[in-house]
1. What FRET efficiency, computed as 1/(1 + (r/R0)^6) with R0 = 60 Å and r the Cβ-Cβ distance, is obtained for LYS145 and GLU271, rounded to the nearest 0.05?
2. Add +1 for every Lys or Arg and -1 for every Asp or Glu among the other residues with Cβ under 10 Å from the Cβ of TYR493, and state the total.
3. Rounding to the nearest 20 debye, state how big the charge dipole of the range 354-400 is about its Cα centre with +1 on each Lys and Arg Cβ and -1 on each Asp and Glu Cβ.
4. Could you tell me which of rounded, prolate or oblate describes the range 85-160, using a ≥ b ≥ c as the square roots of the eigenvalues of the alpha-carbon gyration tensor, with rounded for a/c under 1.5 and, failing that, prolate when a/b is larger than b/c and oblate otherwise?
5. What FRET efficiency comes out for the pair MET228/SER506, r = Cβ-Cβ distance, R0 = 60 Å, nearest 0.05?
6. According to the square roots a ≥ b ≥ c of the eigenvalues of the Cα gyration tensor, what is the shape class of the range 1-103, taking rounded for a/c under 1.5, prolate for a/b larger than b/c otherwise, and oblate for the remainder?
7. Does the range 384-463 come out rounded, prolate or oblate, given a ≥ b ≥ c as the square roots of the eigenvalues of its C-alpha gyration tensor, rounded meaning a/c under 1.5 and, failing that, prolate meaning a/b above b/c?
8. 222 nm [θ] for the chain, helices only, -39500 (n - 2.57) per DSSP H run of 4+, per residue, to 500?
Amino acid sequence: MSDVFGQFAPFVREYIYRNRWESLRGIQVAAAEVIFNTDDNLLLSASTASGKTEAAFFPIISRFYEAMPLSVGCIYIGPLKALINDQFERLTDLCEEGDIPVWHWHGDVSASHKSMLLKNPSGILQITPESLEAMLLHRHSAIPKLFGDLRFVVIDEVHSLLRGDRGGQTICLIERLSRLAGVNPRRIGLSATIGDPERVGEFLSLGTGRVTAIPGVFAPAASWRISMEHFYVTDLTMEQEQENGFRDPGFKYIYDNTKDRKCMVFVNSREECETVTTTLRRYCELDGEEDRFLIHHGNLSASFRETAEEVMKDAEVMATTVTTSTLELGIDIGKLERAFQIDAPWTVSSFLQRMGRTGRRGAPSEMWFVMREDPPEIRALMPATIPWELIQGIALVQLYLEDKWVEPPRLDRLPYSLVYHQTMSTIASCGEMSPAAVAERILTLKYFHRVTADDMKVLLNHLINTGHLETTERGGLIVGLKGERVINNFRFYGVFTESEEFTVRSESQEIGTIVQPPPAGEKIAIAGHVWVVDEVDFG
């Protein structure tokens, strides 16, 4: 064992012995040395299943064991509810012996659990950026009590936050919270796929006055198994499938090669997720087999998603889950034998994350690409006959294997939409503020270093003229009627654009949500089944 092993709390050392770890991994030693021996922020970049979570939390909770925080001592920010649910179980098991509470907070968590945290702020809080925004907006006055002794902020899968305003929102929220609570917590970023570690390290440290340590850790070469199969799409009616036994060749390939195995099938959209699941389940029905396909995407109700997560973690159940990016990040599925990818994913980073779902417990990572394209017309010109999906998949894999290229973070944008978002959130949470106070509060957030005072003046005047803000008799600013409508919608907590959604229910059970519901009498596909619409409530 490394020298840092002796610095771990007794219950951490016991956890390591109980799990029969013969030695600490390089990433765990490096992280412990930074956290124990410096005051730096930390960026850990290592392959999936390399032990990054333990690398961050072993030294953190050891520090807590020495001197327990008087409030929440660590915030863990995760990009997905499924990832937080998974890490909640892992961290609870790890922290139980040290009497360190672990809390989670997002839209699916019960009010009673949240109430217990508010009464006894302590330990580790796991939360999404959107829920943290809601907390700052609606529980503004409670922030000092909740986080007055905050020492660490851990951002998991940090790469997923860096290509849009969501990462900027996360940094702004941490900075706003730190100001309110009077703290300057150390920041720790975790990721398996970072294209430019130095720039990400600078981003992570914005506003802290610290540097970011980025330890280089040797990792042995990993083995991959990759296959790519190309199929032309076959349009078949259910009658043809039933009478003649025909199958879409791409879907049949997946159907045949997932039997008696634990697999995942990744797709690039929620609509495709529904289509693939429904088709594979229909094949089970036609063959007289028990349904072995699950579904997981962001529009499903919590009960459907959590059922899929639990079944996939059960080593005894041989099932396959069709999913979007919601199971792409960080979740330990256990002994997943292989992953399938229908068409090429949108990014190299996404490919690496999906590849990393397999290959745990010492087995090589394994991904089977299934490229499905419409057959070309008989007299089509040459460009239309080229299998572009197949070429895109090959190019994406080669880009990483030959050049180790991953999408770099987009950190030099002018985030005006986020300026609006944080301005409205700040005024709504603080109450009446002078224009100068608003500008000072927003423009000193380090993420907005490229936004000028003149830009802010133009924005505030525009918001007043459009009714999003109003001026008081004393010249202060408050949220206007139009602004109230924006802020009071739960979608305000996130900075990404969403379409209006309708909740789908079957009797008392919530199935999920859809956009643009069909009229009564028509059919919809959701949760891997086809449903008949009885009525649509537009109220």
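1. On the way: r = 45 Å, r/R0 = 0.74.
Plugging the Cβ-Cβ distance into 1/(1 + (r/R0)^6) gives 0.85.
2. Details: positive: ARG491; negative: GLU130, GLU133.
After counting each charged neighbour, the total is -1.
3. Magnitude of the dipole: close to 380 debye.
4. On the way: a/c = 1.41, a/b = 1.16, b/c = 1.21.
The shape class here is rounded.
5. Details: r = 39 Å, r/R0 = 0.65.
Taking R0 as 60 Å, the efficiency between MET228 and SER506 is 0.95.
6. Working: a/c = 1.23, a/b = 1.12, b/c = 1.10.
Rounded is the answer for the range 1-103, as its axis ratio a/c remains below 1.5.
7. On the way: a/c = 3.97, a/b = 3.07, b/c = 1.29.
Prolate is the answer for the range 384-463, as a/c is 1.5 or above and a/b outweighs b/c.
8. Numbers: 20 runs with 217 residues, N = 539.
It comes out at -12000 deg cm²/dmol, rounded to the nearest 500.
The values are calculated or read from the model by the stated rules, or taken from the named source; none is laboratory data. All of these numbers come straight from a predicted model, not from anything done at the bench. Every residue, glycine as well, gets a Cβ built from its backbone with ideal geometry; the counts of neighbours run over all protein chains shown. The accessibility values were calculated without ligands, DNA or RNA, using every heavy atom of the protein model including side chains. Shrake-Rupley method; radii C 1.70, N 1.55, O 1.52, S 1.80 Å.
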